[in-house]
Structure formats: C-alpha cells, structure tokens
Amino acid sequence: MPKLNASTYFDALELMVANMADHGYVSSPSSCLDDLLSREKKITSCHDDRFALPHCKSSSCKRLITSIARCSLDDDSSRKQKLIVLTISPLGETGLYLRHLSSLATFLFQEADLDSLLRLDDADQIRDVFLTC
C-alpha cells in the first residue's frame with residue numbers, strides 16, 4: 001500500500017489495519033486498532049513531519065507484520081506524515097518485535113536513507129529497501 005487517502009494520522013492507521021485484515025494478517029481489525037490507538041495515546045510514534053513508526057502488540061495478530069504507507073496528512077496536531085511504517089506483533093513475541101523496531105528506527109533516523117526511500121514510487125522497491133535494513 002504505497003499511498004493512502006486519509007485526512008488524519010488515525011484515519012491512516014485505521015486504513016492500514018483494515019488492509020492487514022483484508023490480507024489475513026489480523027483476525028479482528030477493531031481489536032487490533034484499539035490496541036494500536038491505546039499505545040499511541042500513551043506515547044505517539046510520530047517522530048517528525050517525515051515519518052511515523054506506530055507499533056503495538058495485539059491478540060488479533062498471529063505473526064509479526066509491518067505495513068508501509070506514504071501519505072500527506074493535516075490532522076488536529078498539525079503533523080504531516082510522509083511515511084508511516086506500522087508494525088503489529090503477537091502478544092508473546094517480544095525479542096523479535098524489539099529487534100525489528102530497533103532496525104526500522106535505526107534506518108529511518110538516518111536522514112540519507114530516509115531521503116532515498118522517500119524518493120521511491122514503486123511499492124516493490126520500497127519493500128526491497130525494508131527487507132535489507
């Protein structure tokens with residue numbers, strides 16, 4: 001899902017979770033979204049106007065899954081996200097979940113890497129970049 005048509009950050013998250021459910025990765029989109037929004041309300045995963053790294057653990061997820069989307073948003077917080085990298089993990093998966101998030105964050109906080117990623121338009125190219133980070 002390279003581009004989203006969402007007006008707010010939370011709308012984008014809802015669309016991304018729905019897409020995961022449509023592809024069989026999430027058994028209950030409403031439960032998963034509740035888990036995600038609960039975590040986002042404690043501490044947001046929006047890092048700047050270039051990317052967000054939302055994540056949570058959920059009982060409606062059977063394996064670690066990451067969804068990547070590009071969008072421009074004007075929400076109530078006036079943040080504009082260019083890239084959203086959403087990760088959902090099963091409740092019992094801690095080690096892999098933390099290692100995966102660490103790898104993603106390390107990559108996304110490198111300005112040159114993020115710049116090169118944001119220039120890509122092809123979903124397969126974007127996926128390939130993340131498979132190597």
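Which of the residues spanning the range 1-27 are assigned to a loop (DSSP other than H, G, I, E, B) and either of a type outside the set (A, V, I, L, M, F, W, C) or in contact with a Phe, Trp or Tyr (Cβ under 6 Å, 6 or more places away or on another chain) (or both)?
Residues of the range 1-27 assigned to a loop (DSSP other than H, G, I, E, B): 1-2, 4-8, 23-25, 27.
2, 5, 7, 8, 23, 24, 25, 27 - these are the residues of the range 1-27 that are assigned to a loop (DSSP other than H, G, I, E, B) and either of a type outside the set (A, V, I, L, M, F, W, C) or in contact with a Phe, Trp or Tyr (Cβ under 6 Å, 6 or more places away or on another chain) (or both).
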**Report entry** residue 19 vs. criteria surrounded by fewer than 17 Cβ atoms within 10 Å (Cβ to Cβ), farther than 20 Å from residue 92 by Cβ and touching a residue at least 12 places away in the same chain (Cβ under 8 Å)
**Finding:** no
Requested in this report: Could you look through the range 24-65, keep only residues that are at pLDDT below 90 and hydroxyl-bearing (Ser, Thr, Tyr), and pick out the one that is surrounded by the fewest Cβ atoms within 10 Å (Cβ to Cβ)?
Outcome: 44
Query raised in the report: Quick one: what pairs do we get from the range 40-69, first residue touching a residue at least 24 places away in the same chain (Cβ under 8 Å), second assigned to a strand (DSSP E or B) and charged (D, E, K, R), C-beta under 9 Å, 6+ apart or different chains?
Result: 69/3
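Which of the strands (runs of 3 or more DSSP E) found entirely inside the range 28-133 contain at least 1 residues meeting this: polar (S, T, N, Q) and in contact with a His (Cβ under 6 Å, 6 or more places away or on another chain)?
Details: elements: 55-57, 65-70, 83-89.
Result: 83-89.
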Report task. Hey, can you tell me all the residues within the range 94-123 that are surrounded by 13 or more Cβ atoms within 10 Å (Cβ to Cβ) and touching a helix residue (DSSP H, G or I) at 6+ places or on another chain (Cβ under 9 Å)? Result -> 104, 107, 108, 113, 114, 117, 120
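The values are calculated or read from the model by the stated rules, or taken from the named source; none is laboratory data. Just so you know, these numbers come straight off a predicted model, no measurement behind them. Using ideal geometry, Cβ is built from the backbone for each residue, glycine included, and neighbour counts are taken over all protein chains shown.
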